[in-house]
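Since the structure comes first, as structure tokens, the remarks are kept for the end.
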Amino acid sequence: MTITFLVGNGFDIAAGINTSYSGFYDWYINQSPRTEDKHGAIKNFKEEIDKYMRIKDPAERQKSRWADFEIGLGQYTDKFTKETVDDFLELYEDAHEGLCTYLENECSKFDNDIADPDTIAGLKDGIAHFYQELKPTERDSVANLLIGDRAHDTVVKFISFNYTDSLDAVAKVLSKTPLQTWEYGGATRKMIAQSSVLHAHGTTSNAPILGVFDDSQVANKELLNCPGIRQALIKSRSVQTAGERWYSEADQQIDNSQIICIWGMSLGITDARWWKKIVSWLRANPAHQVVVFWHMGNPPSGRSFVNTYMVKRDVVRRLCAFSKLAETDIESLENRIHVVINTDKVLKVSFDRVLIPASDEELRSFILGSFGTKEHATV
């Protein structure tokens with residue numbers, strides 16, 4: 001059996017790494033353009049972002065997602081023409097390079113060498129029992145699928161939609177020993193995690209993909225005929241242009257899975273391709289199961305089973321929204337799409353923050369702050 005986890009930006013944020021769009025926004029608008037910006041396109045773009053974010057309620061601003069930024073890029077094409085398309089490509093590259101720099105800076109603040117035995121044990125137990133936080137009837141349907149395949153090993157695989165390597169560090173640790181073992185037919189069977197992570201949208205060091213789902217999300221359709229625009233903005237075309245097989249490999253991995261878990265993803269429109277793929281995969285085999293680990297700021301209480309049902313109903317419809325299914329078809333899938341609200345156990349890890357001084361002066365300030373006297377500052 002194969003269980004595949006699709007993991008999004010929520011994983012990094014939960015692990016303490018500030019890879020949120022709002023964090024990037026605060027940093028990016030204060031950076032100098034990486035090119036001459038002869039026509040002020042980058043300057044104007046940053047001013048538009050700033051204006052858009054400032055009118056938001058502070059709480060809503062914190063909830064801003066990367067999908068908002070990607071959709072914003074597609075909509076911003078409306079301010080350009082075929083004659084000024086190079087200015088758009090210039091601002092796109094500036095934002096793209098800025099994103100990579102910001103994420104690399106944030107990740108450099110953390111030590112992702114996971115060595116604590118309790119943390120490792122918690123990670124292994126959480127993955128091995130990923131369905132334990134479901135309600136009993138849902139838990140039974142997933143457990144029965146697993147029990148029915150006890151004669152074979154179970155492999156856990158990961159597809160990351162992040163540009164960082166934080167999930168890679170977790171997969172590497174999980175792969176060192178079995179997550180679980182059991183006896184069947186006189187042989188020892190096991191659940192193992194694959195050490196390699198498939199990055200569907202690249203990494204900061206290898207063709208990170210930043211864009212939208214399809215042509216409909218690009219406001220100025222005229223620009224789509226200009227060289228470089230589809231390659232930059234349409235994700236599937238970007239992967240093709242980069243010469244990578246990420247999408248076909250991810251499709252194959254999903255097709256070969258019996259259970260799909262979605263962790264830290266918003267089920268947004270810029271990744272509609274994947275939600276359509278998963279719904280199609282669900283409909284292809286009545287045994288397939290999906291578990292969505294859904295995070296929300298104000299979850300319903302344990303007493304409020306109706307509100308809990310409404311949250312789960314909304315998540316199911318978000319997942320199915322791009323497949324153009326009739327309500328009866330969605331309802332037929334509902335008992336195989338399970339939702340865990342604010343998991344306490346699965347993929348819970350907190351990377352250690354480390355100080356990496358950029359200069360002797362920073363190190364001196366750190367020492368003075370630690371000891372409080374200049375006598376100790378001997379750098």
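Taking every DSSP helix (H) stretch of at least 4 residues in the chain, weighting each as -39,500 (n - 2.57) and dividing the sum by the residue count yields a mean residue ellipticity at 222 nm of -13500 deg cm²/dmol. In plain terms, the residue of Tyr309, Tyr25 with the fewest other Cβ atoms within 10 Å comes first and the most crowded comes last, giving Tyr309, Tyr25.
Straight-line cross-link reach from Lys82 at under 22 Å between alpha-carbon atoms covers these lysines, not counting any fewer than eight positions away in the same chain: Lys38, Lys43, Lys46, Lys221, Lys235. Here the translational diffusion coefficient of region 79-153 follows from Stokes-Einstein with Rh set to the Kirkwood radius across Cα pairs; for 25 °C and 0.890 mPa s it amounts to 139 µm²/s. For region 226-319, the Kirkwood radius over C-alpha pairs fed into Stokes-Einstein at 37 °C and 0.692 mPa s yields D = 211 µm² per second. Listed peptides 15-21, 299-305, 145-151 appear in the order 15-21, 145-151, 299-305 once ranked by packing, highest mean of other Cβ atoms within 10 Å at the front. Using a simple spin-label model with pseudo-atoms 7 Å out from Cα toward Cβ, Asn342 and Asn206 lie 3.7 nm apart. Of the peptides 260-267, 89-96, the order by per-residue mean of other Cβ atoms within 10 Å, starting with the highest, comes out as 260-267, 89-96. FRET efficiency for Thr119 and Ser248, Cβ-Cβ distance as r, R0 = 45 Å, nearest 0.05? Step by step, r from the Cβ atoms, then E = 0.85. Summary value for the chain: 24 percent relative contact order, contacts being C-alpha pairs under 8 angstrom separated by 6+ residues.
Measure out, as a whole number of angstrom, how far apart the alpha-carbon centroids of region 182-250 and region 314-356 sit. Cα centroid of region 182-250 versus Cα centroid of region 314-356: 19 Å apart.
Over all other residues within a Cβ to Cβ distance under 11 Å of Ser141, the charged ones net out to +1, with Lys and Arg as +1 and Asp and Glu as -1. Packing here is the average count of other Cβ atoms within 10 Å per residue, and on that basis the peptides 111-123, 338-350, highest first, run 338-350, 111-123. Electrostatic tally near Arg336: other residues with Cβ closer than 15 Å to its Cβ, Lys and Arg +1, Asp and Glu -1, net +1. Most simply put, the chain has about 20% antiparallel DSSP beta bridges, counting only bridges with both residues inside it.
As a calculated quantity, the FRET efficiency between Ser108 and Asp255 at R0 = 30 Å, using C-beta atoms, amounts to about 0.25.
Rounded to the nearest 0.05, the FRET efficiency derived from the C-beta distance between Lys221 and Thr241 at R0 = 25 Å is 0.80. Spatial offset of region 17-44 relative to region 286-308 amounts to 36 Å, using the alpha carbon center of each.
Every number here is computed from the coordinates shown, using simple stated rules; none is lab data. These numbers were taken from a predicted model, which means no experiment stands behind them. Cβ sites come from the backbone with ideal geometry, for glycine too, and all protein chains shown count toward neighbours.
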